[in-house]
Amino acid sequence: MKRGETKSIQKRQYLFLLRELVSRELKRKYSRSRLGILWSILNPLLSMAVLSMVFSSMFRHSIENYPIYYLTGNLCWNLFTTSTNTSMTALVDNQTLLLQVKAPKMIFPLARVAAAFVNFLYSLAAYGVMLAVSGIRPDLHMLLFPAVAALLLLFAVGCSFILTIAYVFFGDIRHLYSVLLTLWMYLSALFYPVEAVPEFARQIIVQNPVYNYVTAARACMLYQTMPGTEIWIRMILWAAAALWAGWLCFGVWQDKIIQKL
């Protein structure tokens, strides 16, 4: 068998393994739920309803269409946090399979990220309904939203690779990351306008990668405008830097993973 044919067979095998892992993750997540995948639709809607009741009156003069403002940010935030949180334990959870299957180790965190992305796609169904209910009509700028989501996904993949490796060697990273996410959420302006914070805090928030993805998504979907050039540059640089760092971590430490597990 030629070398090219062997690589082609391996790629098909790896893709099959990836699909099976994603399917398993989705089934396991909703195995004890009667509503199943519907929770991917209901969860952002319920969060939007609660936050809208609490903050819509507070920010009604500074934020137009607060429910969509929050829902857009929440969808982006959930894609990032679900991807990184679930992929963190991917290698440890699959240590038996790691010994049995000869496949790139990064397939396992990739499967968790892919499962999070599938949930994100289901959530878009609820998002589309809310856009229609809110009177937001289709616009050409909305075609930029997939590009923003793709860059956010790449950023999440890179962060997931780093966290996956870190968790193998330092299990407490899971608890530290939970604390970091709380701070990160408040610095992402998910439910408040960035203009409402002091100037020094605003400068910190603007440099937050997740905030840039959220802002770009709101520009496309809510305000129907083109995100600024600086935002595009920051989104691309953050995605590229995270992917490079994550790939580097796997390259350096993947040979020591089995020994540590």
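The values are calculated or read from the model by the stated rules, or taken from the named source; none is laboratory data. None of the values given here were measured: they were computed from a predicted structure. Ideal geometry is used to build each Cβ from the backbone, glycine not excepted, and the neighbour counts take in all protein chains shown. SASA here: full protein model, heavy atoms, side chains in, ligands and nucleic acids out. Shrake-Rupley method; radii C 1.70, N 1.55, O 1.52, S 1.80 Å.
Structure summary
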| item | result |
| --- | --- |
| Between region 67-109 and region 111-175, the Cα center-to-center distance that results, in Å | 11 |
| Accessible surface of Lys105 - all protein chains present, 1.4 Å probe, nearest 10 Å² | 40 |
| For region 194-261: accessible area per residue (Å², 1.4 Å) | 56 |
| Computed FRET value (nearest 0.05) for Leu143 with Leu243, which takes r as the C-beta separation and R₀ as 22 Å | 0.40 |
| Contour minus Cα-Cα distance for Glu230 and Gln254 (0.36 nm per residue) | 5.1 nm |
| Highest to lowest packing among 113-121, 69-77, scored as the average C-beta count within 10 Å | 69-77, 113-121 |
| Fraction of accessible area attributable to carbon and sulfur, region 171-261 (%, probe 1.4 Å) | 68 |
| With every protein chain in place, region 110-156: carbon and sulfur % of accessible area (1.4 Å) | 76 |
| FRET efficiency, Glu64 to Tyr186 (Cβ-Cβ, R0 22 Å, nearest 0.05) | 0.50 |
